[in-house]
1. Compute the relative contact order of the chain as a whole-number percentage, counting only Cα pairs closer than 8 Å that sit 6 or more residues apart in sequence.
2. Computed from the mean reciprocal separation of all distinct C-alpha pairs, what Kirkwood hydrodynamic radius does the range 230-357 have, in Å?
3. Rounded to whole Å and ordered largest first, report the semi-axes of the equivalent ellipsoid of the range 85-189 derived from its Cα gyration tensor (root of 5λ).
4. Placing unit charges on C-beta atoms (Lys and Arg positive, Asp and Glu negative, everything else neutral), compute the dipole magnitude of the range 102-149 about its Cα centre in debye, rounded to 20.
5. Please work out the Cα convex hull volume for the range 59-120 and give it in Å³ per residue.
6. Measuring from the lowest to the highest alpha carbon on each principal axis, how far does the range 223-271 reach, largest first, in angstroms?
7. May I have the pair-distance distribution P(r) for the range 25-149, computed from all Cα-Cα distances with 5 Å bins from 0 and rounded to whole percent?
8. Summing Lys, Arg as +1 and Asp, Glu as -1, what charge do residues with Cβ under 9 Å from the Cβ of residue 177 carry, residue 177 excluded?
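FYI, it's all coordinate maths here, none of it is from the lab. Everything quoted here is computed from the prediction, not taken from an experiment. Glycine gets a Cβ as well: all are built from the backbone with ideal geometry, and neighbour counts include every protein chain shown.
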Amino acid sequence: MFVLDSHCDTPSQIIRLRDLSLDNSHAHVDFPKLKRGGVDGAFFAIYIPASLDQKEAAEYADLLLDSLNETMKANSARAAYAYNPSQAYANKAKGLFSVFLGLENGSPVGKSLDRLQYYYDKGIRYMTLCHSADNEICDSCASEVKRWGGLSPFGKEVVKEMNRLGMLIDVSHVSDDTFYDVIRHSSRPVVATHSCCRALASHPRNMTDEMITALAAAGGVIQINFYPFFLDDTFSKVFDASGLAAKSHIETEFIKDPSDPLKRQAWNEVQDELQALPRPSYRRIVDHIDHVVGLVGIDHVGLGSDFDGIEVTPEGMEDISGFHLVFDELRRRGYSDEDMEKIAGGNFFRILSQVLA
């Protein structure tokens, strides 16, 4: 069984001075934790804030890629890049963790299809079309006034070019209209690399049953996100009552200057306060898996934690070292070894192989 996490925002933490070779406190992902969690590979997302313009976004993407390359060189005895499932299986046989690359937010592409080829050549194997704001490609689920009503005219060309290149289209973060446009215009299966079920938690980042059904009918897969806000509506009420939203500026200040020990300590203290809140159990992740399986079957679900991109985690899943607990719970609920192999990474690898072909 190859255990894959299809979405971690770890490159953003590398430029905030995290050493992945160490077992870091207040960190979701590093190589020691990955080993303890039994995780064989992950897509490390090159996350681009929606606040950046195209030039800034492209420069930031290169910064993240360059920083990750340096980390990979320094940890060549522990990890290696993979660009397809065969390379990932070969890495595992050598005792190496596999790092795949995804681009989270298409804003660095601007309005140039040539930029897609550039990122593919850099190793990017999926692109999340947008993030928390509309861009030149499509509308985001987070924008109040939608710019395009789905995919833009350029976005339809992006879908076609991604299909041609063999780059997976990721529909996490997109608006509902964008999702259905992608399903109509893509000739290849698409994925939601880190999303949950709206039937279980009403957040607009989650997917409706109708969307999940359409995704599966097109051969795609939804990878379940671990963020408590997306797992259970109750947590939103707990958070709102906590007053911690007023401390969001503390993370912003830390990101501006991660070398400042006082700013790092202040952000760590906020994280501790968040983790002290009543949170949904990691078993709620499996509730979302159960829902997808009941709706469309075992072949269309997997795991995309969003670790290092979320500031709070489920109870019992404080970092990626607890990843194995999901499989313990799946086994407890009667899932077979074959079922778990599909959820662990088999379903995602099937689609990745189809798109790369």
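1. Relative contact order of the chain: 20 percent.
2. Numbers: mean 1/r = 0.0594 Å⁻¹.
Computed over Cα pairs of the range 230-357, the Kirkwood hydrodynamic radius comes out at 16.8 Å.
3. Values: eigenvalues 147, 38, 31 Å².
Value: 27, 14, 12 Å, ordered largest first.
4. Dipole about the Cα centre, nearest 20: 100 debye.
5. Numbers: hull volume 5.0 nm³, N = 62.
Spread over its residues, the Cα hull of the range 59-120 gives 81 Å³ apiece.
6. On the principal axes, the range 223-271 reaches 35, 29, 14 Å in Cα extent.
7. Spelled out per bin, shortest first, that is 2, 11, 18, 20, 17, 13, 10, 6, 2, 0.
8. Values: positive: 146; negative: 139, 176, 181.
Every neighbour counted, the sum reads -2.
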